[in-house]
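For reference, the structure is listed below as C-alpha cells.
The values are calculated or read from the model by the stated rules, or taken from the named source; none is laboratory data. For clarity, every value in this text was computed on a predicted model and none was experimentally measured. In this analysis, Cβ positions are derived from the backbone assuming ideal geometry, glycine residues included, and neighbour counts consider all displayed protein chains.
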C-alpha cells in the first residue's frame, strides 16, 4: 500500500527513470600494470547512459551493459594524463541520454582535446527514423566528426509531448480528485485537464528556450559556425551526409574502414587500440594520503523503506532506508573526507524525502556534502539536496518543482455504471473514507487534505530557505511547483554553482 500512487504520500512525481543508489570511492588507483607503447583509446556509446552501473538481481545470458558516465569520466581523465595516448575514437550508435549528461560528456571531450589529444567521432547516422539531436550535440564537440555516406543528420531540435487523460477518464466515468500546493505544480494535469494550464505551458516553454539555446550555442561554438547557421540547419533537417558536410556540421563522409585508417594518420602512424574503459580502470589517479571522497549515486523515484527492484520494468528505486543507511555509514567512516551526492531523481514520497534529508543533515555535521545534479533533480529530488553544503548542477539539469501534489482516481461510477458492480460501505470515524478509491473527496475532505498539503509545502520551503540561506518569501516566489533549468535555478539562488560531476 505504501507505494500506491494516489494516496496521501504527497508524491512529487515529475517523470520516470529509476535506479537504486550506489557508492563510488574516488582517490585510489587500481595498482594494475600499465600498458606500454602509443595507443588510441576506443569507446562505443550504444544504449542508455547512466551515471553508474546499478546492481540488478539478474540479467539475461550474454547481456552486455552500456558504459556509465562515471566510467567514461575515469577513462578520459586517464587518457588526458597519459603520454602514451594519442587520442580517442568515439562511436555513437543509438545512444540514449539526457541533456545534462550530454553537456557533461561534451565538457569531458573538450578537456581531452585541450590536453592535446584528438577525439575523433564516427556516426553511422544521427538518428534513424528518430531524433538524433542529442547524439549530434555530443559528437559535435569532437575534434573531428565523420558520418557514413548513407547516414542522416536528424538534427531536428526539441520536442515536448504531454499526455492528457481527462477525456478518457470522463468516458470511463472515473473521477480525478487532486490537490496541489504551488500553482505551477502540474503533475496532476495529466488526469484533471485536457491541455496544459497557462502556468505549466509557460514553465515548459521557458525550459525549452533554455535547452534550445544551450544546443544551438554549443554546436555553433564547437563547429565554429554562426548560431543562425545552426538554427537554419535544424529547421532544414533531416540532412543527408553530403548536405551536412556542405553545411559544416561534419568534417568527413566516409565508411568505418576509412575512418579507422584515418585514425592512424591522426596518431602520426599505426598504433595499437585499447578500450577506454579498461584504460581508465588500469590507470586511475592515485589519491594523496588515506582519506577519500565518496560519490553516492541516488537515482530514481524516492519511496519509503528499502531499495528495491521492479521486475516488470527492469528498474530499481531509491528507498529512504537504503540511501539513509549508506549516508549513515559514510558519516561514521573516518577514511571519507567528504561526500558527493549525485542526484538523478524526479522526486517521490514527501516522507521518504524528508527522512533522507535528515541523513544528509547529520552527515553534513561531520563532513562536507556536495550535491551534484544530473539530468533531473526536481521536487523530492531537490528536497533531499536542499541542506547540502553546496549544490552543483548542469545548466540543462531540470530542477526545482518545489511543491506538492496528491490525489486519487475515484472509480465507484466506473464500477457501478459500466461494470455492474455495487459497493456497500460501512464505517466508523468521520474521515474513515478519506483515502478510499471509490468516491472523490467531499468539500470537507478536500479541506483536510489541503491543510496537510500546505503543512508539507511549508516544511519544504523552510528546508530550502535554511539550506540555501534565502529569505522564506523569496523561496516561495521561485517555488510554487515550477521547474527550472539549472541555469535559471542558479540565477534564483537554488543552485550554488554550474558544473558537472
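Couple of notes before you dig in:
- Checked against the criterion of being assigned to a loop (DSSP other than H, G, I, E, B), out of contact with any helix residue (DSSP H, G or I) (no Cβ under 6 Å at 6 or more places or on another chain), surrounded by 24 or more Cβ atoms within 10 Å (Cβ to Cβ) and in the same structural domain as residue 296 (by the TED database), the candidates 377, 385 yield just one match: 385.
- Residue check, residue 169 in contact with a helix residue (DSSP H, G or I) (Cβ under 6 Å, 6 or more places away or on another chain), touching a residue at least 24 places away in the same chain (Cβ under 8 Å) and either more than 30 Å from residue 139 (Cα to Cα) or outside any helix (DSSP H, G or I) (or both): no
- The requirement of being at pLDDT below 60, in contact with a strand residue (DSSP E or B) (Cβ under 9 Å, 6 or more places away or on another chain) and not assigned by the TED database to the domain that holds residue 253 is not satisfied by residue 34.
- Unique match (being touching a helix residue (DSSP H, G or I) at 6+ places or on another chain (Cβ under 8 Å) and buried (at least 18 other Cβ atoms within 10 Å of the Cβ)) among 438, 418, 409, 472: 409
- Test: residue in the range 177-191 that is under 23 Å from residue 262 (Cα atoms) and in contact with a strand residue (DSSP E or B) (Cβ under 9 Å, 6 or more places away or on another chain): no
- For the range 334-368, residues that are assigned to a loop (DSSP other than H, G, I, E, B), touching a helix residue (DSSP H, G or I) at 6+ places or on another chain (Cβ under 6 Å) and either farther than 19 Å from residue 397 by Cβ or not assigned by the TED database to the domain that holds residue 379 (or both) total 1.
- Search result, residues across the range 244-257 that are surrounded by fewer than 18 Cβ atoms within 10 Å (Cβ to Cβ) and without any contact (Cβ under 8 Å) to a residue 24 or more places away in the chain: 246, 257
- Any hit, the range 181-194, residues being under 30 Å from residue 457 (Cα atoms), modelled with pLDDT of 95 or more, in contact with a helix residue (DSSP H, G or I) (Cβ under 6 Å, 6 or more places away or on another chain) and in a strand (DSSP E or B): yes
- A Cβ distance below 7 Å, combined with a sequence gap of six or more or placement on separate chains, defines the contacts here; from the range 198-209, residues that are in contact (Cβ under 8 Å) with a residue 12 or more places away in the chain reach residues that are in a helix (DSSP H, G or I) in the pairs 200/189.
- Of the strands (runs of 3 or more DSSP E) lying entirely inside the range 62-155, the ones with 3 or more residues being within 23 Å of the chain's Cα centre (by Cα), modelled with pLDDT of 95 or more and not assigned by the TED database to the domain that holds residue 345 are found at 85-96.
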